[in-house]
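Asks: Sharing a structure here in structure tokens format.
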Amino acid sequence: MTTMLGVDLAGRRVVVVGGGPVAARRVQGLLADAAAVVVVAPAVCEPLRDLHRWGAVEWLAHEVTDADLEGAWLVQTATGDRATDAAVVGWAHERRIFCVDAGYAAAGSARTPATTRSGDVLVGVVSAGAPDPRRTTVVRDAIAAHLREGHVDLRSHRPRSAADGHVVLVGGGPGDLGLLTLAGRRALASADVVVVDRLGPVDVLDELAPDVEIIDVGKTPGNHPVPQHEIGRILVEQAQRGRAVVRLKGGDPFVYGRGGEEVLACREAGVRVEVIPGVSSAFAAPAAAGIPLTHRGVVGAVHVMNGHDGWSSAGLVGLRDASCTVVVLMGVAVLGALAEGALAFGADPATPVAIVESGTLETQRVTRATLASVVGVAAAAGVRAPAVIVLGAVAAPGLLGDEAVIAQVAPGAHKHDTMTT
């Protein structure tokens, strides 16, 4: 066997001979291809009985005869009886119908490949010589892993219309490439253009094909060269050109990532859009620093806030409640105002504070202080954004006993811990 074909079975009659578990698995695959499946067997297993009861398959409850193959486009036999399967193969051959023999693949005129799918790409593996199901499965699994991890250029190269264009918001995580999800990697592997921030796993861009267009819309503190409405316009314009657009964002798109605004911009323009969640730095950075945001017997609630929005009532109440951890994103530039406001509200000056800079990256650094001293300590240490600020009992040093727990979370990072009060 040297040729493999992709066959469209949708709506076409396919006869499956046999009623056991092997036949049931074959039927499930055929139904996924929208085939009109007819099962021929005196008795069937419970999964096939259920499919017949639900109207998904037709069941002919008798021993197979050559007449049962009439009108079939494909036949699969899986009775477990060598003589019956051989007879079915012979009848199919006489009628020039391709036939798969599940019991003895070499006898049939067709073989079922070991398949794997990535989006609308279906890959099948068959043995060109003697059937070797174990080998084809191993090869299939290796290909599946390669596809799953986004290591293959999956862009469409056929002519496209505006209707083909779409946007995928990908949460890239806090920066460590290992924390970018597999779904995010697969989306990037199919992208014609990537609209990217300065934060997140920007190293992944080096893995893309050289002709993938990269549009940098990154912001730095106090410098927003591409305003949010312009980012929305770029996404819509690129998608309306029929392109697959990935908006790669740091953290999670819906956690202070303005993902909601970008989804609205796409939907208002009639552009298809989907969101792939990411690991938020609000949770990843403390974890990489060995800081559990909740800890039984210590803290049971977490409040996440944006430092530029100032203290919310929930955030201030959380600081006065020893059972709550407060996590502040984008708070370095306004640290002084935040600390002053918290103290004025009545927060305990001795509240532990930890500032995690560049969480999960090689340059990660943790600076610890109390609420009363954190402004001076941060200034002396030269703390800079991006950083996540953690306030509460869990930010105290030594909570987990051994700071080496950090290495278990992000083994590739060099952790620096500034212990200052």
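Quick note: the coordinates plus some simple rules give every number you see, no bench work behind them. Keep in mind the model is a prediction, meaning the values are calculated, not measured. When we count neighbours, we look across all protein chains shown, and the Cβ atoms used for this are built from the backbone with ideal geometry, even at glycine.
Asks: Taking only DSSP H segments of four or more residues, each worth -39500 (n - 2.57), what value at 222 nm results for the chain once the sum is divided by all its residues, to the nearest 500 deg cm²/dmol?
Replies: Result for the chain, helices only: -8500 deg cm²/dmol.
Asks: On to the next question. Which net charge results when you count Lys and Arg as +1 and Asp and Glu as -1 among the other residues whose beta-carbon is under 15 Å from that of residue 130?
Replies: The answer is +1.
Asks: Okay, next question. In a shell of Cβ-Cβ distance under 13 Å around residue 42, excluding residue 42 itself, what net charge do Lys and Arg (+1) and Asp and Glu (-1) give?
Replies: Cβ neighbours under 13 Å give a net charge of -2.
Asks: Out of the DSSP beta bridges found with both residues in region 144-302, what percent are antiparallel (nearest 5)?
Replies: Just about 15 percent of them are antiparallel.
Asks: Over the chain, what is the relative contact order in percent, taking alpha-carbon pairs closer than 8 angstrom and at least six residues apart?
Replies: Across the chain, relative contact order equals 10 percent.
Asks: If one computes the Cα centroid of region 20-75 and of region 133-203, what distance in Å separates the two points?
Replies: Going from one Cα centre to the other spans 37 Å.
Asks: Can you list the equivalent-ellipsoid semi-axes of the chain, largest first and in whole Å, using the square root of 5 times each Cα gyration tensor eigenvalue?
Replies: Value: 58, 25, 19 Å, ordered largest first.
Asks: Spelling out what I want: for every residue of region 37-45, take phi, set θ = phi - 60°, compute 6.51 cos²θ - 1.76 cosθ + 1.60 (Karplus), and round to whole Hz; glycine and proline get x.
Replies: Ordered by residue, 3J(HN,Hα) equals 8, 10, 9, 10, 5, x, 9, 10, 6 Hz.
Asks: What order do you get for 300-309, 352-361, 97-106, 181-190 when each peptide is scored by the mean count of other beta carbon atoms within 10 Å, highest first?
Replies: Packing order, densest peptide first, comes out as 352-361, 181-190, 97-106, 300-309.
Asks: Further question: Give me a comma-separated list of calculated 3J(HN,Hα) values for region 17-23, in order, Karplus coefficients 6.51, -1.76, 1.60 applied at θ = phi - 60°, integers in Hz, x for any Gly or Pro.
Replies: 9, x, x, x, x, 5, 4
Asks: Further question: How many nm separate the modelled label positions at residue 46 and residue 214, each set 7 Å beyond the Cα in the direction of the Cβ?
Replies: Reported label-point gap for residue 46 and residue 214 is 5.5 nm.
Asks: Tell me, what HN-Hα J-couplings in whole Hz come from the Karplus equation 6.51 cos²θ - 1.76 cosθ + 1.60 at θ = phi - 60° for each residue of region 89-104, using x for Gly and Pro?
Replies: Working through the residues one at a time gives 4, x, 4, 5, 4, 4, 8, 6, 10, 5, 9, 9, 9, 5, x, 8 Hz.
Asks: Computed FRET efficiency, Cβ-Cβ of residue 340 and residue 117, R0 60 Å: what is it to the nearest 0.05?
Replies: Efficiency, from the Cβ-Cβ distance: 0.60.
Asks: What does the extension gain come out to for residue 82 and residue 34, with contour length at 0.36 nm per residue minus their alpha carbon separation?
Replies: 14.4 nm
Asks: Which FRET efficiency value, to the nearest 0.05, do you get for residue 363 and residue 298 by plugging their Cβ-Cβ distance into 1/(1 + (r/R0)^6) with R0 = 35 Å?
Replies: In this case the efficiency is close to 0.75.
Asks: Give the calculated FRET efficiency between residue 267 and residue 135 to the nearest 0.05, with a Förster radius of 56 Å applied to their Cβ-Cβ distance.
Replies: 0.75
Asks: Express as a percent, rounded to the nearest 5, the fraction of DSSP beta bridges in the chain (both residues included) that run antiparallel.
Replies: Percentage antiparallel, nearest 5: 35.
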